[in-house]
Amino acid sequence: MITVGLFVRLQSKSGKEEELAAFLMKGLELANRETTTPVWFALRIGGGSFAIFDAFADESGRQAHLNGPIAEALIAQAPHLLAEPPAIQQLEIMGAKLA
C-alpha cells in the first residue's frame, strides 16, 4: 500500500527549461531502478515550472529515495538549472488508485 509521498516544485532558470525537462527524463530512468519507489511522475506545470511527484509504501522507502541517486543528481545540478532551491513537501497519502 502507498502511504507517503513527495511533491517537489522546481523553477528553471531562464533559458534552462529544456535542459531541466531532459534532466527529469533521465530521472525517470533512475526511478525505474529504485525498488522502493513504485510511483514517480515528472510534471511540466507551465513555462519554467516543473515538479516531481513520487510515492512510497512507507517512510523507509521515502528516506531511501531522498538519500538516493535522483536526489543526489538534483542537488548537483540545481545551481546550473534552477532559479531557486527545490521546494520539497512531504505528503501523507490518504488514498490512491493506481490501475
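The values are calculated or read from the model by the stated rules, or taken from the named source; none is laboratory data. This structure is a prediction, so every number in the text was calculated from the model and none was measured. Cβ coordinates were reconstructed from backbone atoms using ideal geometry, including for glycine residues, and neighbour counts include every protein chain displayed.
Of all the residues in the stretch 68-99, those that are out of contact with any Ser or Thr (no Cβ under 9 Å at 6 or more places or on another chain) and under 18 Å from F23 (Cα atoms) number 16.
Looking only at the stretch 1-31, residues that are in contact with a Lys or Arg (Cβ under 8 Å, 6 or more places away or on another chain) and farther than 19 Å from H80 by Cβ come to 3 in all.
Please go through the stretch 33-56 and give me each residue that is of a type in the set (F, W, Y), farther than 20 Å from G15 by Cβ and surrounded by 15 or more Cβ atoms within 10 Å (Cβ to Cβ), ordered by number. Full working, then the answer.
The first filter runs over the stretch 33-56 and keeps only residues of a type in the set (F, W, Y), leaving 40-41, 50, 53, 56.
From the residues that got through so far, the ones that are farther than 20 Å from G15 by Cβ too are 40-41, 53, 56.
Matches in the stretch 33-56: W40, F53, F56.
For the stretch 57-90, filtered to residues that are among the polar types (S, T, N, Q) and in contact (Cβ under 8 Å) with a residue 40 or more places away in the chain, the residue that is surrounded by the most Cβ atoms within 10 Å (Cβ to Cβ) is Q77. A42 fulfils the conditions (1) under 13 Å from the mean Cα position of the chain (by Cα); (2) assigned to a helix (DSSP H, G or I); (3) of a type in the set (G, A, S) except for a single criterion, (2).
Yes or no: R62 farther than 14 Å from L82 by Cβ, modelled with pLDDT of 95 or more, touching a helix residue (DSSP H, G or I) at 6+ places or on another chain (Cβ under 8 Å) and of a type in the set (K, R)?
no
Got at least one residue in the stretch 22-41 being of a type in the set (S, T, N, Q) and touching an Asp or Glu at 6+ places or on another chain (Cβ under 8 Å)? Yes, some residue in the stretch 22-41 is of a type in the set (S, T, N, Q) and touching an Asp or Glu at 6+ places or on another chain (Cβ under 8 Å).
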